[in-house]
Amino acid sequence: MSGEGLRERIRKVPEENTPRETEDENDADIREPIFGPMPTFPYQRFWTRMMLIFGTLLVVYFTSNNEKVVIFAKQNEKLNHRRQEIPCNKSYLYELTNLLGENEKVRCGRIVMDSIVNVQEAKKLAEIARKGLSLTGEPAGGASILDLHSGALSAGKNFVNLYALNVSGLYSNEDFDLYKTVRRKVHEALAFSFDLPSEKLFLTKPTFFSRLTAKPPATVHDEYWHSHVDKETYESFHYTSLIYLNDFGIDFEGGRFVFDDPDNHTSIIEPKTARVLMFSSGGENIHRVEKVLSGQRFAITISFTCDKRKAISDPSITRFGSSKSF
Ligand SMILES: O=C(O)CCC(=O)C(=O)O
Ligand SMILES: [Fe+2]
């Protein structure tokens, strides 16, 4: 077909009152395909629609917030040693390498161990916490703490010094011995798990019992549910350990421990009596505690540093003889 002829046909004006669609159809009739007929395949319409739907689903998947929740340790399971190794935050790694020397490999991550502290020990620790915390009356709400090292004890919006209260017979020698025994076990387990010589790890402050309730907190400092990095909150921390002293889902509702990881991923630890959670305290372990919805949640935070200058010693009953302020 000559080019002249083709132009002539395209120029052909449709008849008056002919609807637009018809016009196109007419055009299609007149225009002969230059490259031959369009290829077709069986069920073409079906497959085209399927591809459209699939494409839409893909777009929705990649633009949605893609939340992923993993229960790292369930309340009803007993874990010997569950670990997750993660890369250390840069500044944390730098600080630890400076303190430990190039020969020590700094390892970061999280570990849950349900068998290094026994249930009986955890129950005794819970009793120590309850007795001390009850001295200042009904829970004010939010988080209350008792620090046997400094004597700091929550009292409403303030703290009082437990050792200045002169409460005779509150604790026995055995209570302090138990505290030390448990601290040593955690110290050894932590050093072993993070591949560090235990003499390069020191107890540091603050190390404290906590009680969390569903009541509104007395001050913003008692709002325990905010995401944070322990190294930023408590400067001397390099490794954090927590021993849970009662049970999620039995003694209290809510109050699960949550690691907030990149890409909207969260990893959850459900508290259970005698469960030990240990983790590196740098920016690789952003975490929070969910709000307690009912009941009272008890735990003890035992913290460790690799900086000898920040070391503290175990608490002792002799402090009851003195009223030194904290
Ligand atoms: O009680 C817990 O499970 C964690 C508390 C905590 O993150 C903290 O005291 O820094
Ligand atoms: Fe924390």
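Is there any pair with a first residue in the range 165-185 that is β-branched (Val, Ile, Thr) and a second that is surrounded by 12 or more Cβ atoms within 10 Å (Cβ to Cβ) whose Cβ atoms are under 6 Å apart and which are 6 or more apart or on different chains, and what are they?
Hits for this filter: Val182/Val117; Val182/Glu121.
Would you be able to tell me the number of residues in the range 191-219 that are near ligand 1 (Cβ under 10 Å from one of its atoms) and over 22 Å from the mean Cα position of the chain (by Cα)?
The number of residues fulfilling the criteria is 0.
Could you count how many residues in the range 100-149 are in a helix (DSSP H, G or I), within 27 Å of the chain's Cα centre (by Cα) and of a type in the set (Ser, Thr, Tyr)?
Final tally of qualifying residues: 0.
Residue-wise test of (1) at pLDDT below 75; (2) touching a Lys or Arg at 6+ places or on another chain (Cβ under 6 Å).
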site	(1), (2)
Pro19	yes, no
Ile30	yes, yes
Gln44	no, no
Ile53	no, no
Val59	yes, no
Asn76	no, no
Gln84	no, yes
Asn89	no, no
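Return yes or no: is Ser294 in a loop (DSSP other than H, G, I, E, B), away from ligand 2 (no atom under 16 Å from the Cβ), in contact (Cβ under 8 Å) with a residue 60 or more places away in the chain and in contact with a strand residue (DSSP E or B) (Cβ under 9 Å, 6 or more places away or on another chain)? Spell out how you get there, then give the answer.
Details: in a loop (DSSP other than H, G, I, E, B): no; away from ligand 2 (no atom under 16 Å from the Cβ): yes; in contact (Cβ under 8 Å) with a residue 60 or more places away in the chain: yes; in contact with a strand residue (DSSP E or B) (Cβ under 9 Å, 6 or more places away or on another chain): yes.
No; evaluated as a whole, the condition is false for this residue.
For (1) modelled with pLDDT under 95; (2) among the charged types (D, E, K, R); (3) within 16 Å of the chain's Cα centre (by Cα); (4) more than 12 Å from ligand 2 (Cβ to nearest atom), each residue gets a yes or a no:
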residue: His221; (1), (2), (3), (4): yes, no, no, yes
residue: Tyr224; (1), (2), (3), (4): yes, no, yes, no
residue: Glu232; (1), (2), (3), (4): no, yes, yes, no
residue: Ser236; (1), (2), (3), (4): no, no, no, yes
residue: Phe257; (1), (2), (3), (4): no, no, yes, no
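Can you name the residue in the range 237-272 that is more than 13 Å from ligand 1 (Cβ to nearest atom) and part of a loop (DSSP other than H, G, I, E, B) and is also surrounded by the most Cβ atoms within 10 Å (Cβ to Cβ) among such residues?
His238
For the structure I just gave you, tell me whether Leu212 is in contact (Cβ under 8 Å) with a residue 12 or more places away in the chain, touching a Leu at 6+ places or on another chain (Cβ under 8 Å), within 16 Å of ligand 2 (Cβ to nearest atom) and outside any loop (DSSP other than H, G, I, E, B).
Numbers: in contact (Cβ under 8 Å) with a residue 12 or more places away in the chain: yes; touching a Leu at 6+ places or on another chain (Cβ under 8 Å): no; within 16 Å of ligand 2 (Cβ to nearest atom): yes; outside any loop (DSSP other than H, G, I, E, B): yes.
In short, no.
Quick check on the range 268-290: of everything there that is in contact with a Ser or Thr (Cβ under 6 Å, 6 or more places away or on another chain) and over 15 Å from Ile111 (Cβ atoms), which residue is nearest to ligand 2 (Cβ to nearest atom)?
Arg288
The values are calculated or read from the model by the stated rules, or taken from the named source; none is laboratory data. All of these numbers come straight from a predicted model, not from anything done at the bench. Note: ideal-geometry Cβ built from the backbone for every residue, glycine included; neighbour counts use all protein chains shown.
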